[in-house]
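In what follows, a structure is listed as structure tokens, so that the remarks can point back to it.
What follows is calculated from the coordinates using simple rules that are stated; it is not laboratory data. These numbers were taken from a predicted model, which means no experiment stands behind them. No Cβ is skipped: glycine too gets one built from the backbone with ideal geometry, and neighbour counts run over all protein chains shown.
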Amino acid sequence: MAPLLRLQLHQRAPQRWRLRITQRFGSLGWGGRGGASSEREGRRRKDKKGRGAGAYGGRRGTRRAGGCRMMRFMLLFSRQGKLRLQKWYLATSDKERKKMVRELMQVVLARKPKMCSFLEWRDLKVVYKRYASLYFCCAIEGQDNELITLELIHRYVELLDKYFGSVCELDIIFNFEKAYFILDEFLMGGDVQDTSKKSVLKAIEQADLLQEEDESPRSVLEEMGLA
Amino acid sequence: MSDIVEKTLTALPGLFLQNQSTGGPGAAKASFSSRLGGLVRGITALTSKHEEEKLIQQELNNLKATVSAPTTTLKMMKECMVRLIYCEMLGYDASFGYIHAIKLAQQGNLLEKRVGYLAVSLFLHENHELLLLLVNTVVKDLQSTNLVEVCMALTIVSQIFPREMIPAVLPLIEDKLQHSKEIIRRKAVLALYKFHLIAPNQVQHIHIKFRKALCDRDVGVMAASLHIYLKMIKENSSAYKDLTGSFVTILKQVVGGKLPVDFNYHSVPAPWLQIQLLRILGLLGKGDQRTSELMYDVLDESLRRAELNHNVTYAILFECVHTVYSVYPKSELLEKAAKCIGKFVLSPKINLKYLGLKALTYVIQQDPTLALQHQMTIIECLDHPDPIIKRETLELLYRITNAQNITVIVQKMLEYLHQSKEEYIIVNLVGKIAELAEKYAPDNAWFIQTMNAVFSVGGDVMHPDIPNNFLRLLAEGFDDETENQQLRLYAVQSYLTLLDVENVFYPQRFLQVMSWVLGEYAYLLGKETPEEVITKLYRLLMSDSISSETKAWLIAAVTKLTPQAHSSNIVERLIQEFTTSLDTCLRQHAFELKHLNENVEFMKSLLPVDKSCEDMVVDSSLSFLDGFVAEELSQGAAPYKPHHQRQEEKLSQEKVLNFEPYGLSFSSSGFTGRQSPAGISLGSDVSGNSTETGLKETNSLKLEGIKKLWGKEGYLPKKGSKTGDETEAPPVPQETMIMENVDQTMTKKDQSQVPTQSKEEKEKQLLASSLFVGLGSESTVNLITEQLECCLPVIEAESTQNFQYSVQMEKPFTEGNLSGFISYQMMDTHSVQLEFSVNLSLLDFIRPLKISTEDFGKLWLSFANDVKQNLKMSESQAALPSTLKTLQQELRLHVVDIIGNEGLLACQLLPTIPCLLHFRVHGDILALWFRSSCSTLPDYLLYQCQKVMEGS
């Protein structure tokens, strides 16, 4: 019974440990479809869209405003190409957003598992990482530090995990506004606001407490699945 | 959507029911997200995109009805908002909900407010007009005593906030810098950072407070302030050198683990903070030995401490290496940094390898030996299965290219190029290859072939400079002429071969390059070939895949080759084909070719061989027509007047002339008659008989002096003109009655050209056609007895002389008159005097001043002289638009802005005295308020204003 929708959090390369996932979705027929099936599926997709590869952006190109903004946008999408969360830190028109999301998803989904987590895409650097079935994807500027952005994604996943208690994709689908709140507490206008896990969660819980008080008698702990 | 997820999602309701009975945590989820959950499940149950669209459209319709219904509670609204966000994320338009999101943020309780703010930040971008409606809410929340509300307001401010409303919240946020809670201080600092990004001058005054934030006892606040410092130091590092010591101390403490454990990330102390500090140090130490020395220690320690084998330590190491190579070099540190780069490059982890290559690329120019050390790794990376690694390797190679290794490197680049399909990559790589090829090409053949590859692949997406530079290189060549010819010959041959290949399509740009080269240099092939080349070009022309722009290039090439060819069957066919073309441009080219073809000698002289770099002399003044014009004039034809002159004459029947100084040539203080050409367009129209003469004099006008600006000779002798005895066509003040005696006149044209800046500017011209022997012009100004006298050189018979003067207004006046005379002497020694006089008014010197509202505001405050007056208007004008129109047209004011019933206008008194007008229409009262830097100008303008308002 291998839960598929688990965001695997790699701690250190050798001793990768998994955060326990709640059993609520365990009985849903996820069993038996472990890594193998996802591999297979990944390959099929690859065959269909083999063209997608090779689309990595150039360095030259139009540079939009700003200069030292840390991040341009962050996207979360599933392996099936469904957008789960999007946060834009630079004014972008609706049409342009849709186009960028579509293109980028195609490029990222076409990447093989062992490939580099960094991409040159248009005039941007894209840093992505896959956790279970979810891709986390950040666009930064060329001169930024890719590796620390990768860690930034990881820290965000850790925060989600701590908050939801073994987070899975469904948590994010059904509570995406919470995911946004956490992101806003962590990154402000595209810059790291607070790297201390404790204080981010404290801020979120503070706000949530209010919610509990006036919505239902449940406690925060219950809400977080820890009770 | 994969069937796995689909199944799961359809099974969810069952699960929720199940869990509800047991009351597990799932139940909470179910009740909370039921509506959204229903939507999500509904969507996933569908099989086609079309059905999804239908469902969401329906959902959106429901939502639309709900959010606009008055009975909807805020709680429901909050729930609706979540669903709207979801729909919008799926790519559907939910713009009807934007306003409700703002309302929710405004009215809701904390929770609803939070969702409202979130929705606003996701829906709107920072330039969205609705955002203005949020400003009040933000201000209110910033003043709230509830911490959560303040936090939310600060968060939204740092995400999206209209730039022009910053002043409304700035003081409130500044106050927050002293707040007792660190989270508030931190957010305030970040909000200010955001302001600094979008409107740096608005936060300049709080720099001192940033320093305080840097010294804050809370690490989070200090870290937040580093964002601002990084930005400011990036812009101007020298202003912050004094802070180097503080940054070094902070970094030391961080590296030494003095921070609270909270900030550790995988047992590395505050990595983000470290990276930020390293970047700042790198910028501060760049090229500055003394500052750099301060940081050597801490850099060394950072390199040493980062030993843990974890991504985040590598991230810090990478930044540290970057800094070590940015600051003033210290060999010991460089050595260590080089070792670190080695660690990256040799790492089996692909991400680290990538960063290693990136670091190498950065340092390679300073230390090329590093590349040698890692050459084997680099070679391996060149064939790496991941294209990103390959690409970064090529970037590295690009930096170390020289004349010896160019062929290999370009070869690798071309290989990569052939595999990639993405435009950004192609544009980028093609540019690099072209650049390298131009710099280091080992021989002609290689160069041409490489460029052929560049053009075939880069095609129509590459930067237009590439083909242009290439052609210029071919045309201008190097010092060695035979070398040049060989290069050109090789290009021609290679293109002919390429064109022989069947069924290959080249990009349009490449074809254009080919056609130019063939047109210019096909002669190098020898006598026999022009026909062959023409045939090939013709074949291309008839092909369907050629754009009409390229066709024009092709026809041009054919045109160049035609004079060299012996028989011209094909050319004739081409002419036939294209003189009926629907494309007017092509048709024109074809007609040109046709007419040229009829006169081969002429064509040869027009299209000389190998002269592409030489300028052709063209008589743009059409002076060859002068004879004809003079002839016509002597027969009594009316002289030519250019369009604008004719128009002005129509306009200013009253005023004889209106002299205006140059818009820009203010160096000379005075001006008298400005004489300007009858025809600027036709520089040679003879006979300035269209004369208007005039100089001016004023009562109150202070003509400080009349100074000659320039004169120009511009007339060519009349053909067949005879008569040794010179008569003169005296400059006539008014109009052209001079023609009577033109017969024996040497028509002289006095032509002065206005420095062409002034098409719109109304110009008055003086065209004195006469034989001047001398010109004495004197301005008799009532106050000024200053005489301006200038002697002009003796003018030859049958020549023209131009004189030009400018008048400038020193002090404002209402009306004035400028008069003077010209005396000249004929060869037969009797002297003649011509008098002239011109009326001038203030308005002749007023021009619109085009400024922005912002500038207006600044100027307004800076002027001390102001005049206010209320005018009563008649019924008919008592409306803003008509007033505005009058002011704009009659007084030549520039309308800067209109706000409600108020208007802002600006003008300037030439040369540079600005005057601003603020007016308000209130019933039938027009309140005028002038301000200017000149003390008297407002009064005069007010007078003019009154006059026009009465008059209209």
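Of note:
- Segment B:422-496 and segment B:32-81: distance between their alpha carbon centers, rounded to Å: 59
- Phi angles of segment B:910-918 translate, via the Karplus equation with coefficients 6.51, -1.76, 1.60 and θ = phi - 60°, into HN-Hα couplings of 4, x, 9, 8, x, 9, 10, 10, 10 Hz per residue; Gly and Pro are given as x.
- Between the beta carbons of B:R290 and B:H205, assuming R0 = 22 Å, the FRET efficiency works out to 0.15 to the nearest 0.05.
- Computed over segment B:91-209: relative contact order in percent, which uses C-alpha pairs under 8 Å that are six or more apart: 19
- Long-range HN-HN contacts of A:W121 with modeled amide H, under 5 Å: A:G57, A:V126
- Taking amide H as placed 1.01 Å from N in the peptide plane, A:G189 has no amide H partner under 5 Å among residues 5 or more places away or on another chain.
- For segment B:542-555, 3J(HN,Hα) per residue [Karplus equation, 6.51 cos²θ - 1.76 cosθ + 1.60, θ = phi - 60°, Hz, x = Gly/Pro]: 7, 6, 7, 7, 9, 6, 6, 5, 5, 4, 4, 4, 5, 5
- Going from the residue with the fewest nearby Cβ atoms within 10 Å to the one with the most, B:M873, B:M152 rank B:M873, B:M152.
- Under 5 Å from the amide H of A:L85 lie the amide H atoms of A:L76, each residue being 5 or more positions distant or on a separate chain, with H modelled from the backbone and absent for Pro and chain starts.
- Nitroxide proxy distance, nm - points 7 Å out along Cα→Cβ at B:T535 and B:L414: 3.0
- With neighbour counts taken as other beta-carbon atoms within 10 Å, the residues B:R509, B:R305 rank, fewest first, as B:R305, B:R509.
- Note on B:D479 and B:E854: their simple-model spin labels are 5.2 nm apart, each label 7 Å out from Cα toward Cβ.
- Two-site FRET efficiency, B:V504 against B:K241, from Cβ-Cβ distance with R₀ of 60 Å, rounded to 0.05: 0.45
- Peptide A:180-192, shielding by other chains (average Cβ, 10 Å cutoff): 6
- Taking B:W272, B:W929 and counting other C-beta atoms within 10 Å, the order from fewest to most: B:W929, B:W272
- Mean Cβ count within 10 Å, highest first, over the residues of peptides B:438-444, B:940-946: B:940-946, B:438-444
- Modelled spin-label separation between B:E577 and B:K611, with each label point placed 7 Å from Cα along the Cα-to-Cβ direction: 2.9 nm.
- Phi-derived couplings, Karplus 6.51 cos²θ - 1.76 cosθ + 1.60 at θ = phi - 60°, listed residue by residue for segment B:841-849: 10, 3, 5, 5, 10, 9, 10, x, 10 Hz, with x used for Gly and Pro.
- Segment B:826-952 - percent relative contact order, Cα under 8 Å, separation 6 or more: 30
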